[in-house]
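Scroll down for the structure; my scribbles are underneath it.
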Amino acid sequence: MSLAAGCLAGALAVAHPVTSALAVLAAAAVPIVLGRPDLLILSVLPLSVAHLASVADDLRGVLLVSLAVGLLLVPTLRSQVRRARPLRPGWPAFCAAALTGLLLLSTMTRDNAWAPDLPGRFSGLSHLIVIVGGLFLLAAVTVWPPNPADVARLVALTGGIVGAYALLRGHYNGGRLEALGINSNYLAAVAAPSVGASVALARQPRRLAYLAPAVVALVAVQQTQSRAGILAAAAGVLVALISNRPVRQQMIGIALSGLLAAVVYVFRKPIWTVVFDERPMSQLTDDSGRAGVLSATINAIAEHPFNGIGYRMFPYYALNYPEVGRFLKTHNDYLGLAAEAGIPAALLLVTLVIAGLVVRGNALLTPLRAAVAAGAVTLAFANVLVCPVAIVGFWICLGCLLADRRHTAADGPAPRPHPNREENHAR
């Protein structure tokens with residue numbers, strides 16, 4: 001049902017947004033009636049893909065991809081909800097609520113005098129709704145998380161499906177791959193978490209087939225010519241390989257990765273020439289634009305450290321900043337939150353991300369941790385909090401990680417499962 005409603009929502013969103021909203025509500029009602037809120041949470045991912053229909057010229061492609069992603073929910077019907085009853089909201093939910101409050105406060109207190117395109121306090125709310133909706137999704141997952149094996153499979157294969165369609169039917173803009181109405185940077189943000197998640201799944205017994213979506217997603221990321229996408233994919237693979245290993249092996253892996261990163265930085269020009277062969281070297285070596293934006297961001301944070309300059313105000317701030325003089329975003333969601341909503345808002349997001357990454361868990365959580373690591377890197381180089389298809393999987397994976405320790409503590413110590421049973425559960 002969520003699959004059909006997702007495709008219907010994508011088709012109707014172009015000309016009938018109200019009807020589309022009703023279709024989404026209908027999709028939400030079915031899992032609730034069936035007593036499967038985990039299905040409702042997982043169905044948000046194909047719905048986020050279907051949402052691209054409102055901006056994509058390739059409507060058939062969007063519906064085809066959302067249909068393929070929706071089909072991944074079918075095996076989930078056989079899985080069981082992890083708990084019979086949800087937990088009470090814990091500190092992650094309260095952090096999400098506090099961050100939502102700070103975003104709303106920054107919206108209400110912003111000064112629109114020098115932003116004629118935003119005449120009202122709550123004008124242009126679409127981006128704010130996406131961020132707040134993501135925080136509500138995170139809170140919902142921490143209260144009633146889906147099966148981590150289902151989430152891992154969905155995130156890994158979604159990136160592979162989107163990457164495969166982009167490679168087959170996408171187009172190149174300035175030598176950079178684009179598809180489904182999203183630009184190359186957002187496309188890389190969608191595909192990069194799939195690389196790490198798929199590698200982590202391939203580490204499990206009899207799961208080598210997941211290397212296929214990992215390769216497809218990695219090729220798609222490379223074709224986007226996105227440096228942030230490559231770094232995010234590398235971070236995901238690193239976490240996938242060193243998680244659930246002895247501390248000594250983890251330290252060796254981190255040290256070798258740091259050494260490799262240093263070598264890549266020293267020889268970055270010839271390496272970039274090979275990896276980013278379609279991008280002009282002037283784009284890869286000239287960071288004056290980002291340097292100016294970084295200077296403007298730091299200046300905005302210094303001037304308004306607690307409440308920020310106001311949500312959505314940074315592009316106008318950059319336009320009037322001498323070293324920028326253009327309508328540009330921060331290219332960094334952490335600094336963007338600090339500049340527009342204040343340092344406390346950015347600290348709340350960083351706290352949630354770090355807490356999710358350091359949670360200890362079994363091999364079932366490794367793919368989720370790898371996907372979150374890739375997403376965390378992407379947040380440092382692009383503004384993806386406002387792109388549903390690029391951020392929904394991140395919120396779901398992070399919520400599952402944050403919920404695992406709380407659910408384990410509430411259930412009490414469980415007996416160690418038999419290896420064969422654990423393997424069957426992972427499947």
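The table below gives the values:
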item	result
Pairs, first farther than 20 Å from V62 by Cβ in region 179-204, second surrounded by fewer than 24 Cβ atoms within 10 Å (Cβ to Cβ) and aromatic (F, W, Y), C-beta under 7 Å, six or more apart	S198/Y210; L201/Y210; A202/Y210
Among the candidates L45, L99, L67, residue that is surrounded by 15 or more Cβ atoms within 10 Å (Cβ to Cβ), at pLDDT 80 or above and over 18 Å from the mean Cα position of the chain (by Cα)	L67
Verdict on G175 being over 26 Å from A202 (Cα atoms) and open to solvent by less than 10 Å² (accessible area, probe 1.4 Å)	no
Residue satisfying all of: in region 130-158; open to solvent by 10 Å² or more (accessible area, probe 1.4 Å) and in a loop (DSSP other than H, G, I, E, B); farthest from G61 (Cα to Cα) among these	W144
Hits in region 193-238 - residues which are open to solvent by 30 Å² or more (accessible area, probe 1.4 Å) and closer than 17 Å to R360 by Cα	L238
Within region 159-205, considering residues that are within 14 Å of A217 (Cα to Cα) and not in a helix (DSSP H, G or I), the one farthest from the chain's Cα centre (by Cα)	G170
Residues of region 205-261 satisfying the condition of being basic (K, R) and within 19 Å of L368 (Cα to Cα)	R206, R207, R245
Failed condition for T297, given (1) β-branched (V, I, T); (2) over 29 Å from V151 (Cβ atoms); (3) open to solvent by 20 Å² or more (accessible area, probe 1.4 Å)	(3)
For A26: the one exception among (1) surrounded by fewer than 21 Cβ atoms within 10 Å (Cβ to Cβ); (2) under 23 Å from G163 (Cα atoms); (3) modelled with pLDDT of 55 or more	(2)
Exclusive hit being at pLDDT below 90 and in contact with a Phe, Trp or Tyr (Cβ under 7 Å, 6 or more places away or on another chain), set T76, T107	T107
Failed criterion for V275 (all others in (1) closer than 27 Å to F394 by Cβ; (2) at pLDDT 85 or above hold)	(2)
Meets criteria (surrounded by fewer than 24 Cβ atoms within 10 Å (Cβ to Cβ) and either under 23 Å from L64 (Cα atoms) or hydrophobic (A, V, I, L, M, F, W, C) (or both)) for R169	yes
Among (1) open to solvent by less than 20 Å² (accessible area, probe 1.4 Å); (2) within 30 Å of G170 (Cα to Cα); (3) in a helix (DSSP H, G or I); (4) at pLDDT 60 or above, the one test that A56 misses	(3)
Test: F394 is surrounded by fewer than 22 Cβ atoms within 10 Å (Cβ to Cβ) and within 14 Å of A192 (Cα to Cα)	no
Top-ranked residue of region 178-192 - restricted to ones that are in contact with a Ser or Thr (Cβ under 9 Å, 6 or more places away or on another chain) and aliphatic (A, V, I, L, M), ranked as surrounded by the fewest Cβ atoms within 10 Å (Cβ to Cβ)	L187
Elements of type helices (runs of 4 or more DSSP H) contained in region 292-397, each with 3 or more residues being at pLDDT 90 or above and more than 30 Å from A202 (Cα to Cα)	333-341, 343-358
Test: Y210 is at pLDDT 80 or above and among the aromatic types (F, W, Y)	yes
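The values are calculated or read from the model by the stated rules, or taken from the named source; none is laboratory data. Predicted model, so just to flag it, every value in this text is computed and none were measured. For neighbour counting, all protein chains shown are included, and Cβ atoms are generated from backbone atoms with ideal geometry for every residue, glycine included. Calculation scope for accessible area: heavy atoms of the full protein, side chains included, ligands and nucleic acids excluded. Shrake-Rupley method; radii C 1.70, N 1.55, O 1.52, S 1.80 Å.
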